[in-house]
1. Could you sort 60-67, 11-18, 33-40 so that the peptide with the highest average Cβ count within 10 Å comes first and the rest follow in order?
2. For segment 53-60, take each phi angle, set θ = phi - 60°, evaluate the Karplus expression 6.51 cos²θ - 1.76 cosθ + 1.60, and give the result in whole Hz per residue in order, putting x for glycine and proline.
Amino acid sequence: MLPIQFYPADRPGQPLAASVYVNSGERHYLGPQTVPSIAERVAIASGASGPNTDYVLRLAAAMRDIGAPDALDPHLAEVEAAVLLLLGKHNGSSATMAQS
């Protein structure tokens, strides 16, 4: 984790303290993957901070909450949608997935 000063486009000259996580090629990095593959991994993985699904869904929500037009990265939005699909949720409504 690296501490940085973030300069929002809508508040010139008013930096915010932020933290950035940088993957340094650790063994947990899967390398380039398709969105469905990423979503499948996220749906089953967890770490010291909890389930990866929580991380992805909360990150996407936080980016939307920022309110800036370019805040939500298109790739993050695709991964979020794929994770929600795997979890049986669509547009905020939950549904039970069929067990095989």
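1. Taking the mean over residues of other Cβ atoms within 10 Å, the ranking is 33-40, 60-67, 11-18.
2. 4, 4, 4, 5, 5, 6, 4, 4
Quick note: the coordinates plus some simple rules give every number you see, no bench work behind them. Since we're looking at a predicted model, the values are computed, not measured. Every residue, glycine as well, gets a Cβ built from its backbone with ideal geometry; the counts of neighbours run over all protein chains shown.
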